[in-house]
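Structure first, then comments.
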2 protein chains.
Amino acid sequence: MTRKSNRQITLARRPHGLPVAEDFRLVETPVPTPGEGEVLARTIYLTLDPYMRGMMDDTESYDDPVPLGGVMIGSTVSQVIESNHDGFAVGDIVETYAGWQDYVVAPGAALRKIDPALAPISTALGVLGMPGLTAYHGLLKVGEPKPGETVFVSAASGAVGATVGQIARIKGCRVAGCAGSDEKIAYCLDDCGFDACFNYKTCGDVAQAIRQACPDGIDVNFENVGGEISRAAMMQLNLHGRMAVCGTISNYNATDVEQVADNLWWYIVRRIRVQGLLVTDYEDGHAEALKEMAGWIAQGELVYRETVVEGLENAPATFNRLFEGSNFGKLIIQVSDDPTKG
Amino acid sequence: MTRKSNRQITLARRPHGLPVAEDFRLVETPVPTPGEGEVLARTIYLTLDPYMRGMMDDTESYDDPVPLGGVMIGSTVSQVIESNHDGFAVGDIVETYAGWQDYVVAPGAALRKIDPALAPISTALGVLGMPGLTAYHGLLKVGEPKPGETVFVSAASGAVGATVGQIARIKGCRVAGCAGSDEKIAYCLDDCGFDACFNYKTCGDVAQAIRQACPDGIDVNFENVGGEISRAAMMQLNLHGRMAVCGTISNYNATDVEQVADNLWWYIVRRIRVQGLLVTDYEDGHAEALKEMAGWIAQGELVYRETVVEGLENAPATFNRLFEGSNFGKLIIQVSDDPTKG
């Protein structure tokens, strides 16, 4: 089937909340012609992914927004129908970033060849494409699950979530999740091999549902949704638990401006890592650290400052200096004579 | 100087907000007697640290709270005055966790011997004690600064902050910070070698002040204070920036119950690590990931589910299924015929 024109769906205006029909426009343009080193490809499958909502907004994100009037972006599985590139022949199936349109002209570097013998070609947009790779790298490289640990994943039946859960199971973890319908729950439990999965819409108290699904707490929370579920999961993270922030779909259509720093979305935009620390976790390294720091002090590289207040009885009143800004340097109470001082 | 009794400062009641005198009680008890393997030590220096405020509350933290009527906790530099332990002689200077009192009986395992020749013994409570070790491990193992990166530290003139800044400088980083008086700023700049330091009380717009102090953004934020400064610093973290959450002193005396999951304090309690991820950061590993996942699919270990909707023109309306919960599995638009299907 070859069309005489290229239908394109463009972004007509920036959505306010959930997109409506008027935010898009269907336009017809001539089928483009490939230049040197380029191919013309016909779209077979177009993926729709939650991240596209963010690209419709003109706010800072990890990528530029779709310009007004621009073709909506997105990966496709396409077939090469004209080729000026030695690496691709007419008929080849490729994955590319054609966007919401019938045809695209793309350079060879923008194409990934798909082997139809390996799996249905549509999987190049799902389990063997961006969502699957997100699950794989996100779980294994950010979540770092260890055998026997509990992994919790929200949006558990989704393209990312179901893959996260299964990889966690393959890696020997206990796997729990939540989803929004009984059919999805059954899929997670019966087809994907989750150990537990609950319906967040009907479970009542989400925190309690997580506790039941994860009786030993959560070691890795793979976060897809944000909001109440993410807060409840975070509170049940075990000591040294990890949280891989992949998505916050619950607020992609939010219209009230939240403090973005309180929003997990920012963690994705900048791929930041925030980690709590307590010195007692590092006791094995104390001797070496003290040796190195004492050396820096001896060399004059590291200076320090102390405020010494005399009298144990003054400890309570002195303590508040720490919070009032009136203290300077290390605050110490001298309780009795220092025999090392002359 | 030897006292006939052991003065102890106990926690009389749990403070509401900033502690007041009535929250504590000074009691006198007999000087205790060491048993087998124990020593009696006289307190010389007692440290006062912000974390002690948290120990006065009866809420979940990384350690048990001080019981009502119990002696306030804390590290001391003490001198051994009686010893029933082979490893310690009368006169030895030790660091131990004696708390707010004149004397303590402790087993040998609870004592760390201090060498007075190395540095003034009070440093065992500061730069060569818990605060210094916190700075060292927190910066190097959680913050992971690289030469040339920018490290920002709040409470920059404090026992932890000033050490963080200097270690960052020693490691070849650009160092910026903020503190609460001009004298503290001068200390950071002139004595500790910070590249920039501003007074957060007089700077006006904190975000703007951070931008000026860190023109290339922040690679490592060493967080000591929480609140507005932490939010502004987090927003200026560069791509793949790190934030080591050491303390949130600005809310240690807060009396309104905040959502603790929105509170950085929880990161410390559980030492959790939260990290944003984007699949494109892992492109080098895609080929291996796809190979492994295709193998799991072939073995039946990894299943997937797709929802395919026909017609490019239906993409806009179909897109919202992602947010309405009506989609199940990977959502795909079939734009044209799939030549690989019969």
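What to note about this one:
- Residue list for the stretch A:70-87, restricted to those being of a type in the set (G, A, S) and assigned to a loop (DSSP other than H, G, I, E, B): A:G70, A:G74, A:S75, A:G87
- Looking across the stretch A:21-42, the residues that are of a type outside the set (D, E) and closer than 16 Å to B:L312 by Cα come down to A:A21, A:F24, A:R25, A:L26, A:V27, A:T29, A:V31, A:A41, A:R42.
- Among residues of the stretch B:260-311, those that are of a type in the set (A, V, I, L, M) and more than 8 Å from chain A (Cβ to nearest Cβ), counted: 3
- For the stretch B:199-233, a residue qualifies if it is within 11 Å of chain A (Cβ to nearest Cβ) and of a type in the set (D, E, K, R), and the qualifying residues are B:K201, B:D219, B:E223, B:E228, B:R231.
- Any hit, the stretch A:144-152, residues being at pLDDT 95 or above, more than 10 Å from chain B (Cβ to nearest Cβ) and touching a Pro at 6+ places or on another chain (Cβ under 6 Å): yes
- Within the stretch B:262-282, the set of residues being under 21 Å from B:C246 (Cβ atoms), β-branched (V, I, T) and in a helix (DSSP H, G or I) comprises B:I268, B:V269.
- Annotation: A:L140 fulfils all but one of (1) within 16 Å of the chain's Cα centre (by Cα); (2) outside the structural domain of A:R174 (by TED's automatic domain parsing); the unmet one is (2).
- Note on the stretch B:307-339: among residues that are in contact (Cβ under 8 Å) with a residue 12 or more places away in the chain and in a loop (DSSP other than H, G, I, E, B), the one that is surrounded by the fewest Cβ atoms within 10 Å (Cβ to Cβ) is B:G311.
- Residue list for the stretch A:41-65, restricted to those being farther than 28 Å from B:R305 by Cβ and aliphatic (A, V, I, L, M): none
- Single condition B:I44 does not satisfy, out of (1) buried (at least 21 other Cβ atoms within 10 Å of the Cβ); (2) at positive phi; (3) of a type outside the set (S, T, Y): (2)
- Hey, B:G329 among the small types (G, A, S) and under 42 Å from the mean Cα position of the chain (by Cα) or not: yes
- Scanning the stretch B:312-336 for residues that are at the interface with chain A (Cβ under 7 Å from one of its Cβ atoms), closer than 16 Å to A:L125 by Cβ and not aromatic (F, W, Y) turns up B:L312, B:A315, B:T318, B:L322, B:G329, B:K330, B:L331, B:I332, B:I333, B:Q334, B:V335, B:S336.
- All of A:V90, A:V105 fail the test of being touching a Ser or Thr at 6+ places or on another chain (Cβ under 8 Å), assigned to a loop (DSSP other than H, G, I, E, B) and farther than 26 Å from B:Y304 by Cα, apart from A:V90.
- Filtering the stretch A:108-122 to residues that are assigned to a strand (DSSP E or B) and surrounded by 20 or more Cβ atoms within 10 Å (Cβ to Cβ) leaves nothing.
- When the stretch A:124-136 is filtered for residues that are crowded, with 24+ Cβ neighbours inside 10 Å and either in a loop (DSSP other than H, G, I, E, B) or within 7 Å of chain B (Cβ to nearest Cβ) (or both), the ones remaining, listed by number, are A:L125, A:G126, A:V127, A:L128, A:G129, A:P131, A:G132, A:T134, A:Y136.
- Candidates A:P30, A:P15: the one that is over 24 Å from A:S122 (Cβ atoms), free of Cβ contacts under 8 Å to residues at least 40 places away in the same chain and either in the same structural domain as A:V94 (by TED's automatic domain parsing) or of a type in the set (A, V, I, L, M, F, W, C) (or both) is A:P30.
- In the stretch A:113-141, the residues that are more than 13 Å from A:T47 (Cβ to Cβ) reach residues that are in a loop (DSSP other than H, G, I, E, B) and polar (S, T, N, Q) with C-beta atoms within less than 9 angstrom, at least six apart or across chains, in these pairs: A:P116/B:T340; A:P120/B:T340.
- Residue in the stretch B:33-46 that is at pLDDT 95 or above, within 15 Å of B:G69 (Cα to Cα) and not in a strand (DSSP E or B) present: no
- Annotation note: of A:G300, A:G342, A:G285, the sole residue that is farther than 30 Å from B:I229 by Cα and not in a loop (DSSP other than H, G, I, E, B) is A:G285.
- Positions within the stretch A:281-306 being closer than 16 Å to B:S75 by Cα and surrounded by 14 or more Cβ atoms within 10 Å (Cβ to Cβ), in sequence order: A:H286, A:E306
- Test: residue in the stretch A:175-182 that is more than 21 Å from the chain's Cα centre (by Cα) and assigned by TED's automatic domain parsing to the domain that holds A:T248: yes
- Of the residues making up the stretch B:4-12, none is within 26 Å of B:V90 (Cβ to Cβ) and in contact with a His (Cβ under 6 Å, 6 or more places away or on another chain).
- Matching residues, the stretch B:182-211, being surrounded by fewer than 16 Cβ atoms within 10 Å (Cβ to Cβ) and in contact with a Phe, Trp or Tyr (Cβ under 8 Å, 6 or more places away or on another chain): B:E183
- Residue pairs whose Cβ atoms lie under 6 Å apart, separated by 6 or more positions or on different chains, with the first residue in the stretch B:65-88 and farther than 20 Å from B:W100 by Cα and in contact (Cβ under 8 Å) with a residue 40 or more places away in the chain and the second in a strand (DSSP E or B) and β-branched (V, I, T), are B:S83/B:V39; B:H85/B:V39; B:F88/B:V39; B:F88/B:V80.
- Cross-chain or 6+ apart pairs with Cβ under 8 Å, the stretch B:241-260 first and not assigned by TED's automatic domain parsing to the domain that holds B:I272, then modelled with pLDDT of 80 or more and assigned to a helix (DSSP H, G or I): none
The values are calculated or read from the model by the stated rules, or taken from the named source; none is laboratory data. Because the structure is predicted, anything quoted here is derived from the model rather than measured. Note: ideal-geometry Cβ built from the backbone for every residue, glycine included; neighbour counts use all protein chains shown.
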